[in-house]
Structures are given as C-alpha cells and as structure tokens.
1. Taking segment 189-201, which residues are more than 16 Å from the ligand (Cβ to nearest atom) and either within 17 Å of residue 156 (Cβ to Cβ) or within 10 Å of the chain's Cα centre (by Cα) (or both)?
2. Tell me, which helices (runs of 4 or more DSSP H) lie completely within segment 16-119 with 1 or more residues that are at pLDDT 95 or above?
3. Check segment 52-66 and report whether any residue there is away from the ligand (no atom under 16 Å from the Cβ), of a type in the set (A, V, I, L, M) and farther than 26 Å from residue 248 by Cβ.
4. Just one of (1) farther than 22 Å from residue 106 by Cα; (2) surrounded by fewer than 17 Cβ atoms within 10 Å (Cβ to Cβ) trips up residue 192, so point out which.
5. Looking at 265, 269, 228, which one is in the same structural domain as residue 17 (by TED's automatic domain parsing), within 21 Å of residue 76 (Cβ to Cβ), touching a residue at least 40 places away in the same chain (Cβ under 8 Å) and in contact with a Lys or Arg (Cβ under 7 Å, 6 or more places away or on another chain)?
6. Within segment 139-171, can you find the residues that are surrounded by 15 or more Cβ atoms within 10 Å (Cβ to Cβ) and either in a helix (DSSP H, G or I) or among the aromatic types (Phe, Trp, Tyr) (or both)?
7. May I ask you to verify whether residue 215 is within 12 Å of residue 38 (Cβ to Cβ) and surrounded by fewer than 20 Cβ atoms within 10 Å (Cβ to Cβ)?
Amino acid sequence: MREIESSEKRKMADAPPRWPRESDLWSRIGASGRSVLMLDYDGTLAPFRKERLEAYPYPGVPERLARLAALESVRLVLVSGRPARELLGLLTCVPGIGQRAEIWGDHGQERLRSDDSYSLRPVGEEERRLMDAVKEEVARLGLSGTVEAKPASLAIHWRGLDPQERDRINSAVRTLYRQQGERSDLRLLEFDGGIELRSKHAGKDVAVEQILAEEEPGIIAAYLGDDLTDEDAFAAAGDRALSILVRTEPRESSARFWLKPPEELLEFLDSWVQAAGARSRRKDS
Ligand SMILES: [Mg+2]
C-alpha cells in the first residue's frame, strides 16, 4: 500500500513472474483437508467501472465462487476496500456466498461472518472529525459525488474525472491532512482510482494476519489482489500464503506471482475447485 506521506518507505521487488499453472499447490490442496483462499474483489474478481455499484464480477467468476463456497474443505474469504454488505450485494448472483464465505470489508475494518455476525473497528472522535472536514472540503469544491463515507474510513474516487478536477481534490485533501491529520491516527493512502483516509491500525495486512492466525501453522493459503492496497496483504502473506497479483499488465509488487484476468484467473479458480473437490470426493467414496 502506498502511503502518500512516505511513499519511499518500502521498496517493492520487481514485477513478479507469471503464475506457472503447473504447480505442486494443486496436489498439496488435494492431499490436505483444508485450504484458505483470500480474494480481493475490485480489479481482481470484477473489472473496474466508473459506476461503482455496477461493478459485477467477470463472466464465469460467479459460477467458480459458488463451487468454492460449496466445498467444506475451503475457507473462502473476500477482503475488500468496499463496505462488506455492499460487496455482498454485488454477489447476489453467487448462490450460497453469504452463507459460506466471510467478508472483510473496509480494508479489514469490518468482518461479516458466514453466520451473519458482524464486527466493526471502533472509530475515534478525532478520526471522525477529520473525515467530516475532508468531506466538507470536497463538497465545497462541488465534487461531493466523489466521496464515499465507509463505516470506518473515507474514500474519494476520481476515476472518470478530468485531470484538473482530480488535481483540485488531491491538493485540497493533502493540504487539509497536513494541517489537521498528520498527527492523528489516520493515514492518507492512494489506491487505484482515488485517495483514502484510513486508520493506521487498519489494512488488508491486518485482515490477512488475523485470518492466518486462526488457522493451523502450515495451512495452504493464497491471497489474490490487484491494487496498491493489496501490497500490504502480499507482504503479510510472506511465506505463509501464496500471493498473486491479478492484473492485465504486471507491475512492481511484493506478490510472488502474477496472472492475467479473466482467463488465467478462471483457470486458477477452476484448479482450486478441482484440487479441493477431489479431496471431498475421495472422502465421500
Ligand atoms: Mg482491488
């Protein structure tokens, strides 16, 4: 994840090599009783759209998610910057997703479990005040339509705006953050298509840490994502989970591999279904 005020802090490695397809991952999943598949949504399972509430999955993804959700041996986790229930709303086309998958929304600050229980990281007064001030400032520029107030953070989306408007928002928000936010618990972060104010104690890395901590050491796990916000998750995955950058073009990343959506993504999900399903079938017979 790129932190605007200190973007030089962490150097990412070069662009990762292409996912080799033929991997011992599949036989290891087949031989084990459990695997964890963590997936980002926007840009990973679904193409970007200016109309954010119409960003539905790539064709073929809903069927694969439904098959994964149906497998007892797979813990299916969605980790997104979107609010959890909003993401669930975009996945109503996937039978059983709400009952079988868990969703970490707002960059891991919300957790919606498959039994419908829900938790949210508490937001401090100072954080709330700064987010309100930014919201007002963007409204003053006549661009309040770009603001997304999430349960515990504030995102400003500039996909589709002309560069001048984008620069106006960017500079106004940075100035306000320098004046009021630098010493707060909030970070100002870039993502693909905007800028976001979020707690220093939140991020997809926190979600990945927690998810892996709930599993036995050595569990077979993978995290797939596309954005700068996924870099934290890739770093947290380390050697404990396979990390894959999902993008049309590769870029510098901490991910171990890169694959191209949607075809290679569908193939990857199919292989996971097949490997984990083979285990279930053996158990049944
Ligand atoms: Mg994404």
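The values are calculated or read from the model by the stated rules, or taken from the named source; none is laboratory data. A quick note: this is a predicted structure, and the numbers were derived from the prediction, not measured. Reconstructed Cβ throughout: ideal geometry from the backbone, glycine too, with neighbour counts over all protein chains shown.
1. Matches in segment 189-201: 197, 199.
2. Details: elements: 24-31, 61-70, 84-90, 97-100.
So the answer is 24-31, 61-70, 84-90.
3. Scanning segment 52-66, I find no residue that is away from the ligand (no atom under 16 Å from the Cβ), of a type in the set (A, V, I, L, M) and farther than 26 Å from residue 248 by Cβ, so the answer is no.
4. Status for residue 192: all satisfied but (1).
5. 269
6. Answer for segment 139-171, where residues must be surrounded by 15 or more Cβ atoms within 10 Å (Cβ to Cβ) and either in a helix (DSSP H, G or I) or among the aromatic types (Phe, Trp, Tyr) (or both): 146, 158, 165, 166, 168, 169, 170.
7. Against the criterion (within 12 Å of residue 38 (Cβ to Cβ) and surrounded by fewer than 20 Cβ atoms within 10 Å (Cβ to Cβ)), residue 215 qualifies.
Residue-by-condition table, conditions (1) out of contact with any strand residue (DSSP E or B) (no Cβ under 6 Å at 6 or more places or on another chain); (2) within 20 Å of residue 194 (Cα to Cα); (3) in the same structural domain as residue 233 (by TED's automatic domain parsing):
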| site | (1), (2), (3) |
| --- | --- |
| 111 | no, no, yes |
| 137 | yes, yes, no |
| 146 | no, yes, no |
| 151 | no, yes, no |
| 162 | yes, yes, no |
| 167 | yes, yes, no |
| 174 | yes, yes, no |
| 182 | yes, yes, no |
